[in-house]
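Contents: one structure, followed by commentary.
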Amino acid sequence: MDVLPISKIRKDGKYLVRELDESHKARLKKEIQAEGLIEPITVNRETNGEFTLIAGQHRLEACNDLEFKNIDAKIYWELDET
């Protein structure tokens, strides 16, 4: 696990399984404020060095709303769509 700047993580619709649910994000914000981020997000480090979100859209958005600059992340390297 590593820590990444939130600004370096991009979202790609082909990896996001569901649409952003504002009520779920609000619940997560409260939990993160009280307990911290328990489960890191998951990203893919692309061949060009960019980080693409694979899992954790609501956690990422909640932390962004809470003005976190960095976020814990599990990083996979150069995954393909299979």
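The values are calculated or read from the model by the stated rules, or taken from the named source; none is laboratory data. These numbers were taken from a predicted model, which means no experiment stands behind them. Cβ atoms come from the backbone with ideal geometry, glycine included; neighbour counts cover every protein chain shown. Side chains included, ligands, DNA and RNA excluded: accessible areas come from the protein's heavy atoms. Shrake-Rupley method; radii C 1.70, N 1.55, O 1.52, S 1.80 Å.
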Residues being touching a Lys or Arg at 6+ places or on another chain (Cβ under 6 Å) and either hydrophobic (A, V, I, L, M, F, W, C) or more than 16 Å from K14 (Cβ to Cβ) (or both) - total across region 51-64
5
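Determine which member of the set R27, R59, R18 is at pLDDT below 95, more than 19 Å from E78 (Cβ to Cβ) and of a type in the set (D, E, K, R).
The unique qualifying residue is R18.
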The residue that is most open to solvent (accessible area, probe 1.4 Å), considering only those in region 54-71 that are out of contact with any Ser or Thr (no Cβ under 9 Å at 6 or more places or on another chain) and over 18 Å from D21 (Cβ atoms), is E67
Within region 6-29, how many residues turn out to be touching a Phe, Trp or Tyr at 6+ places or on another chain (Cβ under 8 Å), exposed (fewer than 13 other Cβ atoms within 10 Å of the Cβ) and touching a residue at least 60 places away in the same chain (Cβ under 8 Å)?
0
Every residue from region 30-53 that is more than 14 Å from M1 (Cβ to Cβ) and surrounded by 10 or more Cβ atoms within 10 Å (Cβ to Cβ)
K30, E31, I32, Q33, N44, E46, E50, T52, L53
